[in-house]
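For reference, the structure is listed below as structure tokens.
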Number of protein chains: 2
Amino acid sequence: TQSSHRLLAYSDALLSIIATVMILPVAHTKMEADEELDDNLQLLLGTKVAVYLMTFLIVTVAWAAHILFQVIVRIDDTLALLNLACMMLITLLPYTFSLMANFPAHVLGILLFCGCVMVIGLIQSVIVLYAFGRPFLLQHQIQSCEDRSVYRHHILKVLLRVPVMCLLAAVCSFFCYQLSYVLLALVIFLPYISPAEEDPEQVMFYTFLPSEPLSKERVEAFSDGVYAIVATLLILDISEDNVPDPASVQQHFNGSLVAALRSYGSEYLAYLGSFATVGLLWFAHHSLFLQVSRATRAMGLLNTLSLAFVGGLPLAFRLTHELPLAALRDERRAVQASCVLVFGAGVFQLATWVAALQGGGRRTLRPAVRYGGPEHVFMLAKLALYPAVALAAFLLTCVLSRFSVTIFHLMEIATPLAFLLLRLMVRFASALLKHL
Amino acid sequence: TQSSHRLLAYSDALLSIIATVMILPVAHTKMEADEELDDNLQLLLGTKVAVYLMTFLIVTVAWAAHILFQVIVRIDDTLALLNLACMMLITLLPYTFSLMANFPAHVLGILLFCGCVMVIGLIQSVIVLYAFGRPFLLQHQIQSCEDRSVYRHHILKVLLRVPVMCLLAAVCSFFCYQLSYVLLALVIFLPYISPAEEDPEQVMFYTFLPSEPLSKERVEAFSDGVYAIVATLLILDISEDNVPDPASVQQHFNGSLVAALRSYGSEYLAYLGSFATVGLLWFAHHSLFLQVSRATRAMGLLNTLSLAFVGGLPLAFRLTHELPLAALRDERRAVQASCVLVFGAGVFQLATWVAALQGGGRRTLRPAVRYGGPEHVFMLAKLALYPAVALAAFLLTCVLSRFSVTIFHLMEIATPLAFLLLRLMVRFASALLKHL
Ligand SMILES: [K+]
Ligand SMILES: [K+]
Ligand SMILES: [K+]
Ligand SMILES: [K+]
Ligand SMILES: [K+]
Ligand SMILES: [K+]
Ligand SMILES: [K+]
């Protein structure tokens, strides 16, 4: 037997990558220089964005269910292999979504998805039954408890809620596939809307023990995974597309590599700007969660929504540096779409903090950032910076549509400087306050 | 001030993804069905593989250098932002490698790479100086020490070794670029071959305190990142290429989606086989590191080499499921290349354990897997399984070249069953031994 810590960390890494990686097919949709964002392309993009979003949200549900390894704190080889089987099935979910998005009226996509989820639920139930049959695998509190079957029953009930909904959806699909989709949408928001009878303090979904809410560490690990994969997906684009080949350097630039690279100048700028945006959004997230002592259900949902927008940022990068070639009208729309992505990522971070401030933040926040705390205003400024800047850029592009790409890149590069300015201002203000 | 734990975890995630993601350009090299693996294609593939390998190894060096955040255990906003700048520069390294690989005789690639590394070294030095100017950020042992400047001097010396080598390489590139490449190759292996005077016990490269070797947790986190990204890159292929579009289903399969999906049967099998291979290699790694109490320098190098082969596995997947279309001769060679990748990943894991067994493993291993320990033979079997199977598959394809793809897929799917068989045999054998 072994501590389950590394198993959980590995699963979290897998899940955050699965959640995010489906943005790549969206970002790599071929956009010809001479065609506008026409209806066909919009339909294709819409389908792929839907697949990405559905994958992101359902993987978040799977991640939340994985909390069972916080109850099972020691594992043996059997549990490790069962967990790998579970992960393999989760990697198939994006594929079933692709089928559903391409053949929405066909039952096969729905059936495959529901089948996957039911098998996942089955394996998780086997894991729970196996572990409760060997109590030394369980966490101390439950291990020393007289009546473990109450816990087992409760955990199974929480775990099987989702597969049962999927069974219903699968059956429905034969009569009315629209109803199936409604049921599947319910699955995604189930953890957030289910009655809170189990945890009267409204502390986090999927809590097995009222004393132990969703571990903040796991929220951080999952978020880190999303930010990390987004930041590094960007290098793929630049390393693949912006390396000139020797023949074209000889032909177009008289053999001057420097001149060839100079022609990519704006793309390097776009890359640095995008990386800075992702990095600073991580920084704001990091600053916020340092001050969070507990996560409520609403905060979990808002954080997930913020992460879904962060996962979309590679699309923003792609849109803003591919489209200078395309028509003016589309250029503005592409930049506006990118502003919406940045705005969404930032504003849901801010909303997470606002949700934490409910009731004065006594249960959820450290004193420093509660109302009247010394860092309250600084935190507000950090979290409001990106939404404000993105909104301003959006409005500017409406007026100055000719310069929309320039505006966006200026925004991406100026914001880190604004962060530094903010720090200096705060330091100055607090020095001033001390003097008064 | 804040604990640096999450910063380190995020950096580790970023680094493991950067190390691995450059395999995607290799795997996605266009291979036409009607052309053989001709010379041009081989040159292109060779270049991309070189970029991948160089990126992997240099990122490992950067990861090792990042241990400075084990000395700086608390951070403030300034350090967090400096670290993000450092990460941004590290993401540029793959790009400079692409330039070097495409224009090997041009100094520009070498200069850009060396420039990046020197700026990274500069930022890291600033981080160290900043932190030593605020001792409350440092770890307890150093904080309470009288003469901190000895530590500062030692850390700076270790950190600046790599940038200084790069400065030399940059200067050399103007006279003799071949010599520069030799120097850069030295940089990669410097941590493993530098004199061990600092740590007389031969315990891990880049140790700042003899009492505190490279944290096993960080080796595990980095390895987990590599395994996780490899496992999930596979889903991209299947979700993008194996979803039929409605028009072609109508045209080729009389509108039967089931028939269309059935035509992909062998690719699903290939996907499941590849995921199982990655999963079980992770499982073997996990089993091994549970029994490792300390990592030596040689073990670190062997583990890195194993991970470099693991990072190549998406290529094996691509090769074995794209090439049934191609000519017979190439099919066999593709399968053999895949066998080499699996063999390499497995055999270097085994070698890590063998290196740990040096001197009876008294410092490096837990008693259970040392010579004569109860799990010694089981560990040997677990680690030897993949190398043995891959070798057998390789030899079989030499004899039965017509069935090489079938052999490879059978191998991938049969090995998990062999793992289960192994467990049963061990259980049976230990029961038998008890009776005797
Ligand atoms: K949860
Ligand atoms: K809990
Ligand atoms: K590009
Ligand atoms: K931290
Ligand atoms: K190290
Ligand atoms: K150390
Ligand atoms: K495929």
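The values are calculated or read from the model by the stated rules, or taken from the named source; none is laboratory data. Predicted model, so just to flag it, every value in this text is computed and none were measured. Cβ atoms come from the backbone with ideal geometry, glycine included; neighbour counts cover every protein chain shown. To get the accessible areas, we keep the full protein, side chains included, count just its heavy atoms, and leave off ligands, DNA and RNA. Shrake-Rupley method; radii C 1.70, N 1.55, O 1.52, S 1.80 Å.
Looking at (1) out of contact with any strand residue (DSSP E or B) (no Cβ under 8 Å at 6 or more places or on another chain); (2) at pLDDT below 85; (3) surrounded by 14 or more Cβ atoms within 10 Å (Cβ to Cβ), which is the one condition that is false for A:Tyr130? With respect to (1) out of contact with any strand residue (DSSP E or B) (no Cβ under 8 Å at 6 or more places or on another chain); (2) at pLDDT below 85; (3) surrounded by 14 or more Cβ atoms within 10 Å (Cβ to Cβ), A:Tyr130 is out only on (2). Considering A:Arg318, A:Arg297, the condition of being basic (Lys, Arg), over 28 Å from A:Gly359 (Cβ atoms) and either crowded, with 24+ Cβ neighbours inside 10 Å or away from ligand 6 (no atom under 16 Å from the Cβ) (or both) is satisfied by A:Arg318 alone. The one condition from (1) more than 16 Å from ligand 3 (Cβ to nearest atom); (2) surrounded by fewer than 24 Cβ atoms within 10 Å (Cβ to Cβ); (3) within 14 Å of chain B (Cβ to nearest Cβ); (4) not hydroxyl-bearing (Ser, Thr, Tyr) that A:Leu272 does not meet is (1). Quick check on segment A:113-124. Is at least one of its residues over 28 Å from the mean Cα position of the chain (by Cα) and open to solvent by 30 Å² or more (accessible area, probe 1.4 Å)? Looking for residues that are over 28 Å from the mean Cα position of the chain (by Cα) and open to solvent by 30 Å² or more (accessible area, probe 1.4 Å), one finds none in segment A:113-124, hence no.
Being closer than 23 Å to B:His28 by Cα and open to solvent by 60 Å² or more (accessible area, probe 1.4 Å) is the filter; apply it to segment B:240-267 and report the residue that is nearest to ligand 6 (Cβ to nearest atom). It would help to see each step written out before you state the result.
Filtering segment B:240-267 for residues closer than 23 Å to B:His28 by Cα gives B:240-245, B:261, B:263-267.
Remaining after also requiring open to solvent by 60 Å² or more (accessible area, probe 1.4 Å): B:240-241, B:245, B:263, B:266.
Values: B:Glu240: 43, B:Asp241: 45, B:Asp245: 55, B:Ser263: 55, B:Ser266: 49 Å.
Among those residues, the one meeting the criterion is B:Glu240.
Once segment B:37-78 is narrowed to residues that are among the hydroxyl-bearing types (Ser, Thr, Tyr) and at pLDDT 80 or above, the residue that is farthest from ligand 5 (Cβ to nearest atom) is B:Thr78. Identify, from the list A:Gly109, A:Gly133, the residue that is more than 14 Å from chain B (Cβ to nearest Cβ) and without any contact (Cβ under 8 Å) to a residue 24 or more places away in the chain. Exactly one residue qualifies, and that residue is A:Gly133. Give the residues of segment A:73-87 that are open to solvent by less than 10 Å² (accessible area, probe 1.4 Å) and at the interface with chain B (Cβ under 10 Å from one of its Cβ atoms), sorted by residue number. The answer is A:Ile75, A:Ala80, A:Asn83, A:Met87. Residue count for segment A:386-402 satisfying the condition of being open to solvent by less than 60 Å² (accessible area, probe 1.4 Å), under 20 Å from A:Thr277 (Cβ atoms) and in contact with a helix residue (DSSP H, G or I) (Cβ under 6 Å, 6 or more places away or on another chain): 6.
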